[in-house]
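Laboratory data are not the source of any read-out in this text; all were calculated from the coordinates shown. Quick caveat, the model's predicted, so the values are computed rather than measured. Every residue, glycine among them, receives a Cβ derived from its backbone with ideal geometry; neighbour counts consider all protein chains shown.
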Amino acid sequence: MTYKVNEIQVSYREKLRTIKSDSITNSQAVAQLLYKNWDKKTIGMHETFKVLLLNNANKVKGIYPLSQGGITGTLVDLRILFAIVLKTLSVGMILVHCHPSGQLKPSEADRKLTQKIKRAGELFDVRVLDHIILAPDGSYYSFSDNGDL
């Protein structure tokens, strides 16, 4: 899907990495899929925020890299996030970002952002199934598994 804005084409397809997978059933499978598709050269250098887009059967439609930041943080623009979710007709999503430090404990900003996205998703009937924090060694933290969602 492409839109012209003052003769500039805007498309999400260049960055959307499509993945063929079975239905997502647990956080471990999600973390393994994400880690396998993460650039190992940069996961320990800077925070990156991605969204895993899902259909109604919880099958992965794709992974979209939403933002890339510095060592200790990255910005997430909800308008861009939901533009991607709506353009791809996704009904579910799993949020994910990395902590280059390896510290898996979510920050207060992580918690607030997750709740903000979850509330916005409810307006569009889009479910936020989890928020995963990945560490450079492949370990992870699941908001859903830990009752933070």
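I need the phi-derived Karplus couplings for the range 35-45: 6.51 cos²θ - 1.76 cosθ + 1.60, θ = phi - 60°, integer Hz, Gly and Pro marked x.
Computed from phi, the couplings for the range 35-45 are 4, 4, 9, 9, 6, 5, 6, 10, 4, x, 9 Hz.
Using a Cα distance threshold of under 19 Å, what count of lysine pairs results for the range 14-142 when pairs must be 8 or more residues apart or interchain?
Total qualifying Lys-Lys pairs in the range 14-142 comes to 28.
Can you give the calculated 222 nm mean residue ellipticity of the chain, where each DSSP H run of n ≥ 4 adds -39,500 (n - 2.57) and the sum is split over every residue, rounded to the nearest 500 deg cm²/dmol?
Calculated at 222 nm, the ellipticity per residue is -7500 deg cm²/dmol.
Specify the angular offset, from 0 to 90 degrees and rounded to the nearest 10, of the alpha carbon long axis of helix 78-87 from the longest principal axis of the alpha carbons in the chain.
The helix 78-87 is inclined about 60 degrees to the chain.
Over the range 48-149, calculate the relative contact order: mean separation of alpha carbon pairs under 8 Å at least 6 apart, over the residue count, as a percent.
Taking the mean separation of contacting Cα pairs over the length of the range 48-149, I get 26 percent.
For Leu104 and Thr42 in the same chain, what is the full-extension length gain: residue separation times 0.36 nm, less their Cα-Cα distance, in nm?
20.6 nm
Using only C-alpha positions, report the orientation-averaged shadow area of the convex hull of the chain, nm², one decimal.
8.8
Debye sum, Cα scatterers, the range 61-107, no solvent: what log₁₀ I/I(0) at q = 0.16, 0.23, 0.26 1/Å?
Debye output, listed in q order: -0.53, -0.92, -1.05.
Calculate one ³J(HN,Hα) per residue across the range 130-144 by plugging θ = phi - 60° into the Karplus curve 6.51 cos²θ - 1.76 cosθ + 1.60, and present them in order as whole Hz with x for glycine and proline.
Computed from phi, the couplings for the range 130-144 are 6, 9, 10, 10, 9, 9, x, 8, x, 6, 8, 10, 10, 4, 5 Hz.
Spin-label point model (7 Å from Cα, Cβ direction): what's the Arg111 to Thr74 distance in nm?
For Arg111 paired with Thr74, the spin-label model returns 2.3 nm.
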